[in-house]
Amino acid sequence: MFQSLVLIILLVAFTGCELRINGAVNQAGRAELSVSGALGTKITALLRRVTAQSGAAATRPLLDAAELTTQLRAIAGIEHAEFKQKGSGGIEGQLVISKISSFIPQYIPYTLVWEEAAHSGKMMLRIDRTNGPAILALFSPDLGDYLSALMAPIATGEELTKNSYLELLNSVYNAEIAAEIAAARLKLTLTVPGEISTIRGGAYTGRQAVFDTALLDFFVLEKPLLYEIQWRQ
């Protein structure tokens with residue numbers, strides 16, 4: 001299912017970690033991606049307690065690379081998927097998508113825009129407080145449970161500022177968990193088919209775009225997240 005494809009990004013991103021995605025997309029929208037991510041130690045311990053309360057086996061990975069690989073391979077449009085465990089709270093692997101624009105829009109219209117012409121192209125992704133919860137609703141209950149345990153506004157529906165959310169984490173849990181979430185980042189490096197002419201939400205050199213985002217922004221969505229690349233061949 002589509003849920004499994006984005007779960008790898010959102011579960012890691014929304015639970016306090018370092019997530020890196022490097023890849024390239026061609027003019028037809030075919031994407032080759034390398035993904036590497038790991039949960040923070042304090043967040044891992046907290047989520048272990050949450051899963052233990054639900055009866056999950058203590059040895060079961062929070063991010064199960066084998067299960068993810070199997071699920072991704074069953075999705076139409078996935079040409080290749082291969083992931084492996086990276087320690088107790090991480091994963092790494094390769095993913096090839098035949099048409100990058102064919103996944104999110106069929107579930108949440110206008111979230112991801114892909115436009116292509118003979119000598120130019122455009123890709124745009126928008127996440128806000130309207131479509132963020134709608135995207136979250138597509139996933140398995142486990143993800144909602146994880147985010148609810150972290151009191152993430154995207155899961156609870158509360159409209160908090162980033163500072164007020166961190167203060168809440170500090171008061172309910174501790175400063176270490178708040179600090180892990182505050183420090184967590186998502187870094188995406190993407191090579192597109194032509195020279196980049198316009199970018200929003202990141203920086204670029206030639207054909208390579210780099211987006212480096214605080215994952216706290218995804219938790220809270222205090223402001224809409226807008227990422228856009230335009231290029232010409």
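Overview of results
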| item | result |
| --- | --- |
| Ser102 among the small types (Gly, Ala, Ser), modelled with pLDDT of 75 or more and surrounded by 13 or more Cβ atoms within 10 Å (Cβ to Cβ) | no |
| Region 1-38, residues that are modelled with pLDDT under 75 and in contact with a Cys (Cβ under 6 Å, 6 or more places away or on another chain) | none |
| Of all residues making up region 41-71, the number that are of a type in the set (Ser, Thr, Tyr) and either modelled with pLDDT under 70 or in contact with a strand residue (DSSP E or B) (Cβ under 6 Å, 6 or more places away or on another chain) (or both) | 4 |
| In region 109-127, the residues that are surrounded by 15 or more Cβ atoms within 10 Å (Cβ to Cβ) and in a loop (DSSP other than H, G, I, E, B) | Thr111 |
| Of all residues making up region 157-174, the number that are within 21 Å of Ala45 (Cα to Cα) and surrounded by 13 or more Cβ atoms within 10 Å (Cβ to Cβ) | 7 |
| Within region 24-49, considering residues that are in contact (Cβ under 8 Å) with a residue 60 or more places away in the chain and closer than 19 Å to Leu68 by Cα, the one surrounded by the fewest Cβ atoms within 10 Å (Cβ to Cβ) | Ser34 |
| Candidates Arg185, Arg207, Arg232, filtered to the one that is surrounded by 13 or more Cβ atoms within 10 Å (Cβ to Cβ) and touching a Cys at 6+ places or on another chain (Cβ under 9 Å) | Arg185 |
| Hits in region 144-196 (condition: in contact with a Phe, Trp or Tyr (Cβ under 9 Å, 6 or more places away or on another chain) and of a type in the set (S, T, N, Q)) | Thr189 |
| Long-range neighbours under 8 Å by Cβ, at least six apart or interchain, first residue free of Cβ contacts under 8 Å to residues at least 24 places away in the same chain within region 113-132, second part of a strand (DSSP E or B) and surrounded by 15 or more Cβ atoms within 10 Å (Cβ to Cβ) | Val113/Lys122; Val113/Met123; Val113/Met124; Val113/Leu125; Glu115/Gly121; Glu115/Lys122; Glu115/Met123 |
| Pairs with Cβ under 8 Å, 6+ apart, first in region 147-170 and in contact (Cβ under 8 Å) with a residue 24 or more places away in the chain and small (Gly, Ala, Ser), second surrounded by 20 or more Cβ atoms within 10 Å (Cβ to Cβ) and in a loop (DSSP other than H, G, I, E, B) | Ala152/Phe14 |
| Test: residue in region 174-183 that is of a type outside the set (Lys, Arg) and in contact with a strand residue (DSSP E or B) (Cβ under 7 Å, 6 or more places away or on another chain) | no |
| Residue ranges of strands (runs of 3 or more DSSP E) in region 144-233 with at least 3 members closer than 30 Å to Glu116 by Cα and modelled with pLDDT under 95 | 185-191, 208-214, 225-232 |
| When residues of region 72-96 are limited to those that are modelled with pLDDT under 75 and surrounded by 15 or more Cβ atoms within 10 Å (Cβ to Cβ), the one nearest to Leu33 (Cα to Cα) | Ile75 |
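The values are calculated or read from the model by the stated rules, or taken from the named source; none is laboratory data. Quick caveat: nothing in here was measured; it's all calculated off a predicted structure. Glycine also receives a Cβ, built like all others from the backbone with ideal geometry; neighbour counts cover every protein chain displayed.
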